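The values are calculated or read from the model by the stated rules, or taken from the named source; none is laboratory data. Since this is a predicted model, take the numbers as computed values, not measurements. Note: ideal-geometry Cβ built from the backbone for every residue, glycine included; neighbour counts use all protein chains shown.
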Amino acid sequence: MSAVEIDRSRDGVAVVTLNRPEHLNAMNADLIAGLHDAFATLRHDRSCRVIVLTGAGRAFCAGLDLREGASPPEARGVGRAQAGLAVQQSIAALVPTMRSMRQPIVAAVNGAASGGGLALALASDIRVSSPSARFNVAFVRVGLSGCDIGVSWLLPRLIGASRAYQLMLTGRFVGANEAERIGLVTTVADDAMAAALEQADLILANSPFGVQMTKEVMWSQLEVGSLHAGIDLENRTQLLTAQTEDLAEAMRAFLEKRPPEFHDR
């Protein structure tokens with residue numbers, strides 16, 4: 001079986017599943033390469049408008065596979081520092097890859113999301129979870145820095161600096177109810193996948209280009225230095241989306257009281 005599987009049985013949605021359930025979907029070289037391949041496959045697939053990311057079995061992703069490691073081919077036959085950097089870059093590159101995807105990514109967190117698993121959840125655009133979900137910054141608990149794979153940039157922006165710093169310094173686990181209370185997840189549901197697909201359906205009701213531009217700008221706004229610059233970015237984006245045929249279709253559908261039929265044009 002592949003370490004990462006893609007299910008395209010639902011129109012407009014690709015379900016990407018981390019598929020090492022016997023290892024709690026811990027990250028080894030095959031899983032990391034599989035994720036890179038999955039995102040590369042879906043990036044330019046215009047029939048895929050939403051990605052749902054989940055884990056097989058009873059975990060989302062338990063982080064790095066500490067027994068097997070995650071050395072990519074380019075880490076072989078080089079020095080220790082060079083090999084370590086190759087591993088670090090192969091994992092960390094997943095976060096900007098997810099951020100730059102045209103499609104929104106909904107994480108259906110069905111169990112433990114630790115270390116690298118937490119990073120994958122944070123890099124998603126929406127997070128829903130099952131009651132059994134648990135999140136933690138695992139790196140600091142194994143002798144490393146708590147700042148890794150984009151977590152120290154993403155976590156403070158999603159839940160606030162004060163809470164994020166406490167989680168990064170202690171490595172303590174956050175259960176599903178607390179995660180919802182502090183805004184780490186938006187929904188806790190008995191069936192996390194069903195909840196994620198509900199979010200996907202809400203996204204699919206909007207125009208493809210409008211959703212794409214919303215994702216691009218909302219993430220860029222986290223890095224924009226002023227309100228004025230942020231509004232300038234919004235203004236130019238609205239001019240782009242106003243040129244689409246889908247805008248006219250959305251307006252007609254609203255006036256005619258029917259669902260719009262978008263064609264991404």
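Quick look at the values:
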| quantity | calculated |
| --- | --- |
| Flag if Ala196 is surrounded by 14 or more Cβ atoms within 10 Å (Cβ to Cβ), out of contact with any helix residue (DSSP H, G or I) (no Cβ under 6 Å at 6 or more places or on another chain), in a helix (DSSP H, G or I) and among the hydrophobic types (A, V, I, L, M, F, W, C) | yes |
| Qualifying residue in the stretch 56-70 (condition: crowded, with 21+ Cβ neighbours inside 10 Å, of a type in the set (A, V, I, L, M), out of contact with any Gly (no Cβ under 8 Å at 6 or more places or on another chain) and assigned by TED's automatic domain parsing to the domain that holds Ser114) | yes |
| Selection status of Ala138, of a type in the set (Gly, Ala, Ser), at pLDDT below 95 and surrounded by 14 or more Cβ atoms within 10 Å (Cβ to Cβ) | yes |
| Pair list, Cβ under 8 Å, 6 or more apart: the stretch 140-153 residue within 12 Å of Leu167 (Cβ to Cβ), other residue among the hydroxyl-bearing types (Ser, Thr, Tyr) | Val140/Thr170; Gly146/Ser152 |
| Matching residues in the stretch 33-45 - criterion: being at pLDDT 95 or above and over 11 Å from Val13 (Cβ atoms) | Ala33, Gly34, Leu35, His36, Asp37, Ala38, Phe39, Ala40, Thr41, Arg43, Asp45 |
| Every pair of residues 6+ apart whose Cβ atoms lie under 6 Å, when the first sits in the stretch 10-25 and is outside the structural domain of Ala195 (by TED's automatic domain parsing) and in contact (Cβ under 8 Å) with a residue 24 or more places away in the chain while the second is of a type in the set (Ser, Thr, Tyr) and surrounded by fewer than 21 Cβ atoms within 10 Å (Cβ to Cβ) | none |
| Selection within the stretch 159-187 - under 16 Å from Val106 (Cα atoms) and either exposed (fewer than 14 other Cβ atoms within 10 Å of the Cβ) or modelled with pLDDT under 95 (or both) | Gly183 |
| Boolean, Ser114 is hydroxyl-bearing (Ser, Thr, Tyr), at pLDDT 95 or above and touching a helix residue (DSSP H, G or I) at 6+ places or on another chain (Cβ under 8 Å) | yes |
| Qualifying positions in the stretch 132-158 - in a helix (DSSP H, G or I) and either farther than 12 Å from Met168 by Cα or of a type in the set (Ser, Thr, Tyr) (or both) | Val142, Ser152, Arg157, Leu158 |
| Residue that is surrounded by the most Cβ atoms within 10 Å (Cβ to Cβ) [pool: residues in the stretch 199-235 that are among the hydroxyl-bearing types (Ser, Thr, Tyr) and under 24 Å from Pro156 (Cα atoms)] | Thr214 |
| Filtered residues of the stretch 54-107 (kept if charged (D, E, K, R), more than 30 Å from Leu197 (Cβ to Cβ) and either part of a loop (DSSP other than H, G, I, E, B) or modelled with pLDDT of 90 or more (or both)) | Arg67, Glu68, Arg76 |
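Yes/no matrix, rows are residues, columns are (1) assigned by TED's automatic domain parsing to the domain that holds Leu66; (2) more than 17 Å from the chain's Cα centre (by Cα); (3) of a type in the set (Gly, Ala, Ser):
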position	(1), (2), (3)
Leu122	yes, no, no
Arg141	yes, yes, no
Leu155	yes, no, no
Ser162	yes, yes, yes
Thr187	yes, no, no
Glu198	yes, no, no
